[in-house]
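> Sharing a structure below in structure tokens format, with a few things to ask.
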Amino acid sequence: MESDNLTEVEKLNLDFPPEVVKAIQEILPSDDPFDAADFNAVEYINARFPAEQSLHHIDDVLEEMRLKITDTDDQIRSVVRSLTNVDQDGRASLLHAQEAIGELYSRFQDIKERASESELRVKEITRDIKQLDTAKRNLTTSITTLNHLQMLVEGVQKLQALKVRREYGEIATLLQGVMNVLEHLQRYRHIPQVAQLAREVDEIRGELEKQILEDFHRAFHGPNARRFAPTRELAEACLVVSELDPKVKRTIIEDVIKTQLAEYEVLYAGGETDAWLAKVELRRRWFLKAAVEFEKTLAAMFPPSWQVPARLALSFCEVTRGQLTRTMELRTHDIDVATLLHAHKVMSDLESLLVRKYAAFQLHDRTPRSSTSTNPFLQQDEQQPGKVELSNPFTEQEGKGEDGGPGGEGPVSPFQGAICRCFQPYLRVYVESVDKRLSDQIEKFALDMKSYKFEHIDAEESNVVPCCGELFTIYKTVLVEFLRLGPGESLAGLVEVMQNHLREFCSRVLRAALPKLGTNNIPIPKDINMKELTAVLAQVQTLWREGDSGKLGEEEVRRVCSVLVSAEYCDEMTGRLEAKLKERSPQSLAPAITLTQEQDLFHAVLAQCIALLVAHVESQCDAALASMTKIQWVLDQTGDTSPYVTALAHHLAASVPLIRHNLHTSRKYFTRFCDKLAAAILNKFVQQVYKCRPINSVGCEQLLLDCHALKAVMLQLPVVASQVRRDPPQTYTRMVARGMARAELVLQVVMGEYGTHGDLVEKFHRLLPDATIADFQKVVEMRGVKDRASVLELYRQRTSALDSPHRSHPIPSQPSAAATPSTPPVTTTGSSTSPEHEMSKIARLERMLKSRRLIS
């Protein structure tokens, strides 16, 4: 029976997951190979019998295995037999656990009953404590209320007696205490006795108000008012007033201020002689004298919290503003800028003095001042690396604000603009004065420019003409003065004046200073837009090509460069001026302020200067380029670089360094000048290549050699004859490469050898897809094709087929002979060769150029 069970166990699948095996090994570690999870019988046998000689011990090994099996069987039987008593042990354990649970439950019930009894005892104790606390609190409140009531009764009685004797010092202290007691008794106002005491207190307050007002009126308006001196009684009365209705304090302060300013209102009324703007200094002196006198005599009578001296100063400002307004309305025709500025300065200085003296005075709560600085030119712009510092009025601090301190956050003083606001309606007088002043100044600038000497400058000097800096310095001064006279809402008129004179300065000073070559007489409208500006510049360039040669002397070159740098400076300063004007204007008006049209005029002068310089250098190179057509291009072999390339390089080396030196502060526009010049020379070079005929393949190779030499010259154009070597900008390098590539492609088409006209048309269209039929005609003329009409017609058919929207299949790049059966052979400058031979000729040409170090 046991053997049958063992057989069934052997048939069981004893393969456990790796996690189970690992857990068993951790709990029951064993070194026996049979306990290993990866036990291999073959490997075990090979380990026990590594050689044939070891088989002699096989009987010993078998006996050892039998003993091990017997021992394992005994262990299994012992375990199986021990399992028969598990059921009885489990039942006994369960019964024991049930008994323990019952005993534990009974203990919990006992604890719960005891807790309930304890809770009842605690509630009874807490109830007693709460009753005692409530009684204590009620008793304390009753005693306190009775004390307050007693104090109130005594206070009312005492106030009645003190009021009769006018002992205001004691009244002030006692009244404050009585009011505090009434505040504590507020919730008992429904009790008749308390309500009666409150009414008595109100009656005493009313009687005190009337009594104190009569005392002050008698002191300031009675028979002895002129000999009045501050008394202790009135000073103590002011302390009582602080505890009364605020309107009493206002009435007293207004009456005192009115008394102090009565003489001033008579002396400087609107119709009086001393009331005019020219005599505002008299007003300032009167106030300073009166203020000092008030500080010495009456100020000490009033509590500091009343701020009577500050209120007196503010009332003086309001009265003065009203009187000046009426005076200017009566004598509007007599107002001039000098008088207006003088009056504004005197009153502004007085306002600043009052702001500093009464810095803590606030009439009422106000919103904080904007974080934006009141200084429109406060921040400083960073200089570009390597750029020479120019005169920039917009980076200087214009001074302090009206309050004597820099603009910043904080409460706005009531004294700021308290008087000077009256001058705002008359800002038009100042604007008219500015208009005349700027007109005279620009007239002076125009005269100065006619005699200005554009001399040689050092490397660290700026050649901006001085009048540019002077103009924007004036603009800054005008803007600062205007903002002191009025708020930003009034800037519209000043902006219009600035716009007009910027245009006038651009036309009469900068543009008029340019050399007259017969093309500067084209008028540039004041209200110009970019489209009109482009048309004007195109007209200028056309006249240069068709008219004068454009050559300039050295002094004229310096003049043009100086005007260019000055126009750039003006353009930059105009942008900053626009930013400052918008900054100082309300947000609703800022979008309407723009100086874009004025900047466009300076851009027009910049473009005109660049065109003048390009025409100057281009005219010096015309003779060298024109000599290309006089050279014999039917050659037997190539030689060195042609003389016209050398001459061209010589002219560039002689003229460009002077321009670069005078534009050392404006690399941006010097680079633009180089771009324009290189494009113009390369365009002329391509046009001259078309005229080089007759020409053979060797002549084309010579022209290709010249192309690479000219390309090297043009790439060095920005740094020609310079001691500082730097790489030209990538945009410039790509532009030169594109311009020269066109000439090279044209020559490759011309020097090619073709079997049919179709091959010529196909190669031209492939290499020069953007070319016109006029360009193709020039190529045909260079090749000396006799039947030009048929070749041109074939090119037209080719381009029309490519442009046809109904074409469904691409045209093959190499048309077959069947496609053009009637096409006659093309007359070429050499014998017919294969394309491979043509490419080998180009490769030989490139090797020759490399050997002469003309290409890299």
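> Within the group Ala198, Ala219, which residue is farther than 22 Å from Lys158 by Cβ, part of a helix (DSSP H, G or I) and free of Cβ contacts under 8 Å to residues at least 60 places away in the same chain?
Just one listed residue meets the conditions, Ala219.
> Next question. Right, Leu139: surrounded by 10 or more Cβ atoms within 10 Å (Cβ to Cβ), over 30 Å from Glu203 (Cβ atoms) and over 60 Å from the mean Cα position of the chain (by Cα) or not?
Criteria met by Leu139.
> Would you be able to tell me the number of residues in segment 1-27 that are modelled with pLDDT under 75 and not in a helix (DSSP H, G or I)? Show your work before the answer.
From segment 1-27, those modelled with pLDDT under 75 are 1-16; that's our starting set.
With the extra rule that they be not in a helix (DSSP H, G or I), the set shrinks to 1, 12-16.
Residues flagged as modelled with pLDDT under 75 and not in a helix (DSSP H, G or I) within segment 1-27 amount to 6.
> For segment 723-734, state whether one or more residues are in the same structural domain as Val780 (by TED's automatic domain parsing) and closer than 24 Å to Thr772 by Cβ.
Taking every residue of segment 723-734 in turn, at least one turns out to be in the same structural domain as Val780 (by TED's automatic domain parsing) and closer than 24 Å to Thr772 by Cβ.
> If Phe670 satisfies all but one of (1) closer than 18 Å to Asp571 by Cα; (2) of a type in the set (Phe, Trp, Tyr); (3) touching a residue at least 60 places away in the same chain (Cβ under 8 Å), what's the number of the condition it fails?
(3)
> Which one is farthest from the chain's Cα centre (by Cα) among residues in segment 583-641 that are closer than 30 Å to Tyr669 by Cα and β-branched (Val, Ile, Thr)?
Applying the filter and picking the extreme gives Val617.
> Pick from Glu481, Glu443: which is more than 30 Å from Arg559 (Cα to Cα), charged (D, E, K, R), in the same structural domain as Gly553 (by TED's automatic domain parsing) and part of a helix (DSSP H, G or I)?
Glu481
> Go through segment 541-567 and give me each residue that's of a type outside the set (Ser, Thr, Tyr) and at pLDDT below 55.
Matches in segment 541-567: Gln541, Leu543, Trp544, Arg545, Glu546, Gly547, Asp548.
> Same structure again: Mind listing just one residue for me: the one in segment 33-53 that is at pLDDT 80 or above and surrounded by fewer than 10 Cβ atoms within 10 Å (Cβ to Cβ) and, of those, farthest from the chain's Cα centre (by Cα)?
Applying the filter and picking the extreme gives Ala51.
> On to the next question. Within segment 151-167, can one find any residue that is over 26 Å from Val240 (Cα atoms) and out of contact with any Cys (no Cβ under 7 Å at 6 or more places or on another chain)? I'd like the intermediate steps shown before the answer.
Of segment 151-167, the ones over 26 Å from Val240 (Cα atoms) are none.
No, because not a single residue in segment 151-167 is over 26 Å from Val240 (Cα atoms) and out of contact with any Cys (no Cβ under 7 Å at 6 or more places or on another chain).
> Just one of Glu243, Glu207 is assigned to a helix (DSSP H, G or I) and surrounded by 13 or more Cβ atoms within 10 Å (Cβ to Cβ); which is it?
When all the criteria are applied, what remains is Glu207.
> Let me ask you something else. Yes or no: His342 free of Cβ contacts under 8 Å to residues at least 40 places away in the same chain, under 52 Å from the mean Cα position of the chain (by Cα) and over 23 Å from Tyr168 (Cβ atoms)?
no
> Turning to a different aspect of this structure: With respect to the numbered conditions (1) free of Cβ contacts under 8 Å to residues at least 40 places away in the same chain; (2) within 55 Å of the chain's Cα centre (by Cα), which one is the sole condition not fulfilled by Glu265?
Only one criterion in (1) free of Cβ contacts under 8 Å to residues at least 40 places away in the same chain; (2) within 55 Å of the chain's Cα centre (by Cα) is unmet by Glu265, namely (1).
> Restricting the search to segment 327-366, which residues are over 16 Å from Ala310 (Cβ atoms) and among the hydrophobic types (A, V, I, L, M, F, W, C)?
Residues satisfying the conditions are Met328, Leu330, Ile335, Val337, Ala338, Leu340, Leu341, Ala343, Val346, Met347.
> Evaluate segment 458-474: report whether one residue or more is in contact with a His (Cβ under 7 Å, 6 or more places away or on another chain), surrounded by fewer than 19 Cβ atoms within 10 Å (Cβ to Cβ) and over 20 Å from Thr596 (Cα atoms).
yes
> Restricting attention to segment 278-287, does a residue exist that is assigned to a helix (DSSP H, G or I), among the aliphatic types (A, V, I, L, M) and touching a residue at least 40 places away in the same chain (Cβ under 8 Å)?
Among the residues of segment 278-287, at least one is assigned to a helix (DSSP H, G or I), among the aliphatic types (A, V, I, L, M) and touching a residue at least 40 places away in the same chain (Cβ under 8 Å), which makes the answer yes.
> Quick one: Leu703 ticks every box in (1) assigned by TED's automatic domain parsing to the domain that holds Val746; (2) among the hydrophobic types (A, V, I, L, M, F, W, C); (3) farther than 25 Å from Val785 by Cβ bar one, so which box is it?
With (1) assigned by TED's automatic domain parsing to the domain that holds Val746; (2) among the hydrophobic types (A, V, I, L, M, F, W, C); (3) farther than 25 Å from Val785 by Cβ applied to Leu703, the lone miss is (3).
> Could I ask something else about it? Ala291: within 21 Å of Cys317 (Cβ to Cβ), without any contact (Cβ under 8 Å) to a residue 60 or more places away in the chain and in a helix (DSSP H, G or I), yes or no? Can you show your working first?
Working: within 21 Å of Cys317 (Cβ to Cβ): yes; without any contact (Cβ under 8 Å) to a residue 60 or more places away in the chain: yes; in a helix (DSSP H, G or I): yes.
In short, yes.
> Quick check: anything in segment 108-130 among the small types (Gly, Ala, Ser) and either within 30 Å of Leu234 (Cβ to Cβ) or touching a residue at least 40 places away in the same chain (Cβ under 8 Å) (or both)? Steps first, please.
Of segment 108-130, the ones among the small types (Gly, Ala, Ser) are 115-116, 118.
Of the ones still in play, those that are also either within 30 Å of Leu234 (Cβ to Cβ) or touching a residue at least 40 places away in the same chain (Cβ under 8 Å) (or both) are none.
Looking for residues that are among the small types (Gly, Ala, Ser) and either within 30 Å of Leu234 (Cβ to Cβ) or touching a residue at least 40 places away in the same chain (Cβ under 8 Å) (or both), one finds none in segment 108-130, hence no.
> Mind checking whether some residue in segment 517-531 is part of a helix (DSSP H, G or I), at pLDDT below 90 and either farther than 15 Å from Tyr430 by Cα or not aromatic (Phe, Trp, Tyr) (or both)?
Yes, segment 517-531 contains at least one residue that is part of a helix (DSSP H, G or I), at pLDDT below 90 and either farther than 15 Å from Tyr430 by Cα or not aromatic (Phe, Trp, Tyr) (or both).
The values are calculated or read from the model by the stated rules, or taken from the named source; none is laboratory data. Because the structure is a prediction, the values reported are computed rather than measured. Quick reminder, even Gly has a Cβ in these numbers, built from the backbone with ideal geometry, and neighbours come from all protein chains shown.
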